[in-house]
Amino acid sequence: MNAPNKSGWKPEMQAAEDGFLGGPVTTTGNRALMLEEPLLFEIGRADVTGVDLPEADASAPTRLGGLERAEAIGLVGLTEPEAVRHYTRLSRQNYGIDLGFFPLGSCTMKHNPRLNEKMARLPGFADIHPLAPQNAVQGALEVISQLGEWLCKLTGMPAVAMSPKAGAHGELCGILAIRAAHEARGDAREVVLVPESAHGTNPATAAFANYRVEDIPATPEGRVDVAALKARLGPDVAAVMITNPNTCGLFEKDFREIADAVHAAGGYVYCDGANFNAIVGKVRPGDLGVDAMHINLHKTFSTPHGGGGPGSGPVVLSEALAPFAPLPFIRQNEGGEFYLVEEENREERGPSFGRMTAFHGQMGMFTRALTYMLSHGADGLKQVAEDAVLNANYILRSMEDILHAPFAASGPCMHEALFGDKDFTDGLSTLDVAKGLIDEGYHPMTVYFPLVVHGAMLVEPTETESKAAIDQFITAFRSVVTRALEGDEALKQAPYYAPRRRLDETAAARKPKLAYEG
Amino acid sequence: MRYLPLTDTDRQAMLAKIGAASVDDLFVDVPEVARLDGPIHGLPMHASEMAVERHMKALAAKNLVAGEVPFFLGAGAYRHHVPASVDTIIQRGEFLTAYTPYQPEIAQGTLQVLFEFQTQVARLYGCAVANASLYDGSTACWEAVAMATRVTRRKRAVLSGALHPHYAQVVKTMAHFTGDTIADALPAITADPDLEGLMSRIDEDTACVVVQYPDILGRISDLTPVAEAAHAKGALLVVVNTEPVALGAIKSPGEMGADIVVGEGQSLGVGLQFGGPYLGLFAVRDPKHVRQMPGRLCGETTDAEGKRGFVLTLSTREQHIRREKATSNICTNSGLCALAFTAHMTLLGEKGLRELAAENHRLACLAADRLAKVPGVEVLNNAFFNEFTLMLGGKPARQIVRDLADRGVLGGVSLGRLYPGVAALEHALLVAVTETTTEDDIERLATELEAAIKETV
């Protein structure tokens, strides 16, 4: 049932009794190049170090106020060769974009250019202190300023707040600016409307900013129910949070109409910009009536996500919200010198809602993003959106004959194609397809999101995949889906060839073991 | 456009499969008003690798690199030597270009690293459980306050005046919107932290007391009485640490009774990077508080063959499950920075961290003694780790810092910059010393400081 790859090699599924591929058990637990790696705490030793430092002189006078640490901390060390081997072996149990296709919908996992890494490591960026005198860091302030200018121009927005540390932190920034703007005009509003297809961070953000969250349903076509939204607008609604393109992979074509209605009711429009990759260079959110939108630099502008972070979430702001942007922000004086506006610049800071992080945001991500923007230019970024959308529609049309595609009839998708598991044989689910794809050498798509589709599979190829790579993925995806449709029980045990078989997440949560004990 | 593999032939073939005449047909749902047909005004076209490199290098060259001058800045970001192997480890593509470990079977590398990281942080802090990291120390500090309000069902946080003012600002910004009350104060400019004053502000409505250790003036003292005073009133003690290397030499906050310990992990593995990305550390002393913790947690479990493996766990507290009922809206961690921290900590080990801490302290003592001899300069601290405060005898510290930069010395952080408008701190200079500081650097600072003071009216 597995599709042979180009070389014609085909894994044998000679199931042993438990469904596992037969073969001898090795003494070490290793499987050829897949090496089992113990925990650091099982191989490290307290008296071993991988760095050369002066031996501590126990008799040296200290000024630690009698607080010298008496007990052992409980750390262990490895020598340099051991440490390099330990982490290199662990790295091989990971799937990354360097290894292959990573079609995680809404996460936008594209190629990470190494030029970005090289530039971020220039000592002029990597080795400067956030509180250095400002005359010593003019180039760094200029990078932030240039990147901000790109973001404003690409989005058609007049202002940008650079300090938010990640997408969700950017959401918080936008919502706090909205709250501050309402407060400034003495208008206490309590409700934020969030469509049910929104990222889970949207309602969490609004609640964290002390708003009451109300859901707005989606239409059967996978878009915001405009009538329901309009009917809910009123003097208690502070803002609407909408993702566009949305998490069903569709463009909210009535966005302008929604924005006009929200504004007429005295509210603001927050746009979750996680999916900006689909429209960069093609659509300016400012023209749609957006008041605030965060941009995940790692998604659209290719900063690496490092197994979960760091992210970076600058927020573009409308005229109405710009004065409330967080501190610090950068200005340029008449002599062309850049300077930071901070707490002390009382007149210039205006009604800023204050500081949301200690320093200036994710400088290391800014240098990477700016490098990527300069590499692509305005023309290249437009091509990014076009190719991302083309690739997604190609997958949508290549799968819709065998896989339920709830919104395929709504027209083209944007940068991601959404499927559901309703046609699968009883007992087989989206999870089984995902795990089956692992055996085919792919990172699975986003699963069970958005919640509006049963057993959702959200596939986002991005623009950095070749047609050949996408065709190969489609072949594998069709094969696994076919097995799910035919009720292939073996899928329930997948993956077979990953470093680990299915992991018991219930046990992990029931009796949490969150640190090594020993 | 070297990052885009599709050729025009590919594009035509794919459009044919889709049944579209042109790519613009795929954007049919975008209303006319929002379409951008022409080029974007004022943005350049694509450029070669060489051209981009030239542009970025020109910008980098406008900055004074810390490692090229005598350097004494701290205040929440420290310059330490990072072993070369740390950067090669984090540049492994499988770590660098991986996503959040949503499919644990093919993300064991990231997950095992996070488990090791959590163990290292918990032990360093003297706590039971640490999470898989937050954005940075300042946001972790707010999350600790928010967690304390959840645990105690009280809404008032008492901040030490010697908490990093930027951290205090972050807490105050957030509390303004959540309706929590923040009681803060100015730091007492005394040789030791004013713990009596802090304790006197704790009352029955206090959710937590937040104290920094070592504090923003570099001072350290035993926090056990503060923990007892907080607990006596039913409040939690939150201890903030911005220099994890210090904990290689001094008692852990958990040992002194802290309930939540948060901090900045930048010192180990991460580098200065003009303020970010950094690494928020978050730990709790009592395992019963685990379900109230914000952020990601990695837990141990077994796979279908009984082999040990790791997964993200307790996600029922999180935004993607609980939506508006989540403990926090945070949906990421500083994964790559956590890896750098762990790799650096692994290379150090217990022995190396203690030696590193001892070397930092030795050089800091040396610097304090030498700088105390500069006419007009007084060292404020009785006790410190690698950072201390100089009182400049009435001379404005901001001016002196700028003058020192002009003389090619990055001489410290003016406390006036951190506490604008507080007259008593206008003459205070915060000086940090690490293992990267040489004795020549110290001598150079002393000499230039003496000259700068003389020339400043």
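The values are calculated or read from the model by the stated rules, or taken from the named source; none is laboratory data. These numbers come from a predicted model, not from an experiment. For neighbour counting, all protein chains shown are included, and Cβ atoms are generated from backbone atoms with ideal geometry for every residue, glycine included. Keep in mind that these areas ignore ligands, DNA and RNA; they rest on the heavy atoms of the full protein, side chains included. Shrake-Rupley method; radii C 1.70, N 1.55, O 1.52, S 1.80 Å.
Output the residues belonging to the stretch A:90-112 that are more than 7 Å from chain B (Cβ to nearest Cβ) and either surrounded by fewer than 17 Cβ atoms within 10 Å (Cβ to Cβ) or of a type in the set (Val, Ile, Thr) (or both).
A:GLY100, A:THR108
Here are the criteria: (1) open to solvent by 10 Å² or more (accessible area, probe 1.4 Å); (2) assigned to a helix (DSSP H, G or I); (3) at the interface with another protein chain (Cβ under 7 Å from one of its Cβ atoms); (4) free of Cβ contacts under 8 Å to residues at least 24 places away in the same chain. Tell me which single one A:TRP150 does not satisfy.
Checking A:TRP150 against (1) open to solvent by 10 Å² or more (accessible area, probe 1.4 Å); (2) assigned to a helix (DSSP H, G or I); (3) at the interface with another protein chain (Cβ under 7 Å from one of its Cβ atoms); (4) free of Cβ contacts under 8 Å to residues at least 24 places away in the same chain, the one that fails is (4).
So, in the stretch A:71-85, of the ones that are within 7 Å of chain B (Cβ to nearest Cβ) and not β-branched (Val, Ile, Thr), which residue ends up farthest from the chain's Cα centre (by Cα)? Explain how you work it out, then say what you get.
Taking the stretch A:71-85 as the starting set, the residues that turn out to be within 7 Å of chain B (Cβ to nearest Cβ) are A:72-78, A:80, A:83-84.
Now narrow it down to the ones that are not β-branched (Val, Ile, Thr): A:72, A:74-75, A:77-78, A:80, A:83.
Details: A:ALA72: 39, A:GLY74: 34, A:LEU75: 32, A:GLY77: 33, A:LEU78: 33, A:GLU80: 32, A:ALA83: 29 Å.
In this case the residue turns out to be A:ALA72.
If a residue has to be away from every other protein chain (no Cβ under 11 Å) and open to solvent by 30 Å² or more (accessible area, probe 1.4 Å) to count, how many in the stretch A:229-257 make the cut?
6
Look through A:VAL290, A:VAL269, A:VAL262 and report the one residue that is touching a strand residue (DSSP E or B) at 6+ places or on another chain (Cβ under 6 Å) and either more than 14 Å from every other protein chain (Cβ to nearest Cβ) or modelled with pLDDT under 95 (or both).
Details: A:VAL290 fails: either more than 14 Å from every other protein chain (Cβ to nearest Cβ) or modelled with pLDDT under 95 (or both); A:VAL269 fails: either more than 14 Å from every other protein chain (Cβ to nearest Cβ) or modelled with pLDDT under 95 (or both).
Within the list A:VAL290, A:VAL269, A:VAL262, the selection yields A:VAL262.
Quick grid of which residues meet (1) assigned to a loop (DSSP other than H, G, I, E, B); (2) modelled with pLDDT of 80 or more; (3) surrounded by fewer than 10 Cβ atoms within 10 Å (Cβ to Cβ):
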position	(1), (2), (3)
A:ASN2	yes, no, no
A:ASN5	yes, no, no
A:GLY8	yes, no, yes
A:PRO11	yes, no, no
A:GLY19	yes, no, no
A:THR27	yes, yes, yes
A:GLU36	yes, yes, no
A:GLU42	no, yes, no
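Given the criterion surrounded by 16 or more Cβ atoms within 10 Å (Cβ to Cβ) and either charged (D, E, K, R) or facing chain B (nearest Cβ under 10 Å) (or both), identify the matching residue among A:ALA468, A:ALA456, A:ALA507.
Details: A:ALA468 fails: surrounded by 16 or more Cβ atoms within 10 Å (Cβ to Cβ); A:ALA456 fails: either charged (D, E, K, R) or facing chain B (nearest Cβ under 10 Å) (or both).
So the residue among A:ALA468, A:ALA456, A:ALA507 that is surrounded by 16 or more Cβ atoms within 10 Å (Cβ to Cβ) and either charged (D, E, K, R) or facing chain B (nearest Cβ under 10 Å) (or both) is A:ALA507.
Among what's in the stretch B:253-281 and is more than 18 Å from the chain's Cα centre (by Cα) and in a helix (DSSP H, G or I), pick the residue that is nearest to B:LEU59 (Cα to Cα). Give the derivation first.
First, the residues of the stretch B:253-281 that are more than 18 Å from the chain's Cα centre (by Cα): B:254-259.
In the following step, the residues that additionally are in a helix (DSSP H, G or I) were identified as B:254-256.
On the way: B:GLY254: 44, B:GLU255: 46, B:MET256: 46 Å.
Across the stretch B:253-281, the extreme among qualifying residues is B:GLY254.
Condition first: touching a residue at least 24 places away in the same chain (Cβ under 8 Å) and at the interface with chain A (Cβ under 7 Å from one of its Cβ atoms). Can you find one or more residues in the stretch B:311-321 that meet it?
yes
Return the residues of the stretch B:26-38 that are more than 7 Å from chain A (Cβ to nearest Cβ) and not in a loop (DSSP other than H, G, I, E, B); say none if nothing qualifies. Reasoning before the result, please.
Step one: of the stretch B:26-38, the residues more than 7 Å from chain A (Cβ to nearest Cβ) are B:32, B:37-38.
Selection gives B:GLU32 alone.
For the stretch A:397-453, what are the residues that are away from chain B (no Cβ under 11 Å), out of contact with any Pro (no Cβ under 8 Å at 6 or more places or on another chain) and β-branched (Val, Ile, Thr)?
A:ILE402, A:THR425, A:THR430, A:VAL452, listed by residue number.
Filter the stretch B:71-105 for residues that are in contact with a strand residue (DSSP E or B) (Cβ under 7 Å, 6 or more places away or on another chain) and over 30 Å from B:ARG417 (Cβ atoms) and give the result.
If we filter the stretch B:71-105 for residues that are in contact with a strand residue (DSSP E or B) (Cβ under 7 Å, 6 or more places away or on another chain), which is where we start, we get B:71-76, B:78-79, B:94-95, B:98-99, B:101, B:104-105.
Within the stretch B:71-105, B:GLU94, B:PHE95, B:ALA98, B:TYR99, B:PRO101, B:PRO104, B:GLU105 meet the criteria.
Just to be sure before I move on: is A:ALA207 open to solvent by 10 Å² or more (accessible area, probe 1.4 Å) and either without any contact (Cβ under 8 Å) to a residue 24 or more places away in the chain or assigned to a loop (DSSP other than H, G, I, E, B) (or both) in the structure I sent? Step through it out loud before you land on a result.
On the way: open to solvent by 10 Å² or more (accessible area, probe 1.4 Å): yes; either without any contact (Cβ under 8 Å) to a residue 24 or more places away in the chain or assigned to a loop (DSSP other than H, G, I, E, B) (or both): yes.
Yes; evaluated as a whole, the condition is true for this residue.
Step by step: first the residues of the stretch B:1-27, then only those that are modelled with pLDDT of 95 or more and open to solvent by 80 Å² or more (accessible area, probe 1.4 Å), then the one that is nearest to A:LEU288 (Cα to Cα). Which residue is that?
For the stretch B:1-27, the residue satisfying everything is B:ALA21.
Among B:ILE453, B:ILE442, which is the only one that is open to solvent by less than 60 Å² (accessible area, probe 1.4 Å) and farther than 18 Å from B:LEU363 by Cα? I'd like the intermediate steps shown before the answer.
Working: B:ILE442 fails: farther than 18 Å from B:LEU363 by Cα.
Only one candidate qualifies: B:ILE453.
Determine if the stretch A:336-343 includes at least one residue that is open to solvent by 10 Å² or more (accessible area, probe 1.4 Å), out of contact with any Lys or Arg (no Cβ under 9 Å at 6 or more places or on another chain) and either among the small types (Gly, Ala, Ser) or within 20 Å of A:ASN135 (Cβ to Cβ) (or both).
Scanning the stretch A:336-343, I find at least one residue that is open to solvent by 10 Å² or more (accessible area, probe 1.4 Å), out of contact with any Lys or Arg (no Cβ under 9 Å at 6 or more places or on another chain) and either among the small types (Gly, Ala, Ser) or within 20 Å of A:ASN135 (Cβ to Cβ) (or both), so the answer is yes.
Any residue in the stretch A:241-260 that is over 21 Å from A:ALA388 (Cα atoms) and in contact (Cβ under 8 Å) with a residue 12 or more places away in the chain sitting within a Cβ distance under 8 Å of a residue that is among the polar types (S, T, N, Q) and buried (at least 24 other Cβ atoms within 10 Å of the Cβ)? List the pairs, counting only those 6 or more apart or interchain.
Partner pairs satisfying both residue conditions: A:MET241/A:ASN202; A:MET241/A:THR205; A:PHE255/A:ASN244.
If a residue has to be within 7 Å of another protein chain (Cβ to nearest Cβ) and either crowded, with 24+ Cβ neighbours inside 10 Å or without any contact (Cβ under 8 Å) to a residue 40 or more places away in the chain (or both) to count, how many in the stretch A:127-147 make the cut? Full working, then the answer.
Residues of the stretch A:127-147 within 7 Å of another protein chain (Cβ to nearest Cβ): A:127-133, A:135-140, A:142-143.
Those left that are additionally either crowded, with 24+ Cβ neighbours inside 10 Å or without any contact (Cβ under 8 Å) to a residue 40 or more places away in the chain (or both): A:127-133, A:136-137, A:139-140, A:143.
Going through the stretch A:127-147 one residue at a time, the tally reaches 12.
Can you work out which of the residues in the stretch A:113-126 that are more than 7 Å from chain B (Cβ to nearest Cβ), in a helix (DSSP H, G or I) and open to solvent by 10 Å² or more (accessible area, probe 1.4 Å) is nearest to B:LEU272 (Cα to Cα)?
Out of the qualifying residues, it is A:LYS118.
Please count how many residues of the stretch B:188-214 are of a type outside the set (A, V, I, L, M, F, W, C), surrounded by fewer than 24 Cβ atoms within 10 Å (Cβ to Cβ) and closer than 24 Å to B:PHE385 by Cα.
First pass over the stretch B:188-214, keeping only residues of a type outside the set (A, V, I, L, M, F, W, C): B:190, B:192-194, B:196-197, B:200-201, B:203-206, B:212-214.
If we keep only those that are surrounded by fewer than 24 Cβ atoms within 10 Å (Cβ to Cβ) as well, we get B:190, B:192, B:194, B:196-197, B:200-201, B:203-206.
With the extra rule that they be closer than 24 Å to B:PHE385 by Cα, the set shrinks to B:190, B:192, B:194, B:196-197.
Summing the residues that are of a type outside the set (A, V, I, L, M, F, W, C), surrounded by fewer than 24 Cβ atoms within 10 Å (Cβ to Cβ) and closer than 24 Å to B:PHE385 by Cα in the stretch B:188-214 gives 5.
Residue by residue, here is whether (1) open to solvent by 10 Å² or more (accessible area, probe 1.4 Å); (2) hydroxyl-bearing (Ser, Thr, Tyr); (3) in contact (Cβ under 8 Å) with a residue 60 or more places away in the chain holds:
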| position | (1), (2), (3) |
| --- | --- |
| A:PRO310 | no, no, yes |
| A:PRO314 | no, no, yes |
| A:ILE330 | yes, no, yes |
| A:ASN345 | yes, no, no |
| A:GLN362 | no, no, yes |
| A:GLY377 | no, no, no |
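Checking B:MET50 against (1) open to solvent by 10 Å² or more (accessible area, probe 1.4 Å); (2) within 8 Å of another protein chain (Cβ to nearest Cβ); (3) closer than 29 Å to B:MET1 by Cβ, only one condition comes out false. Which one?
(2)
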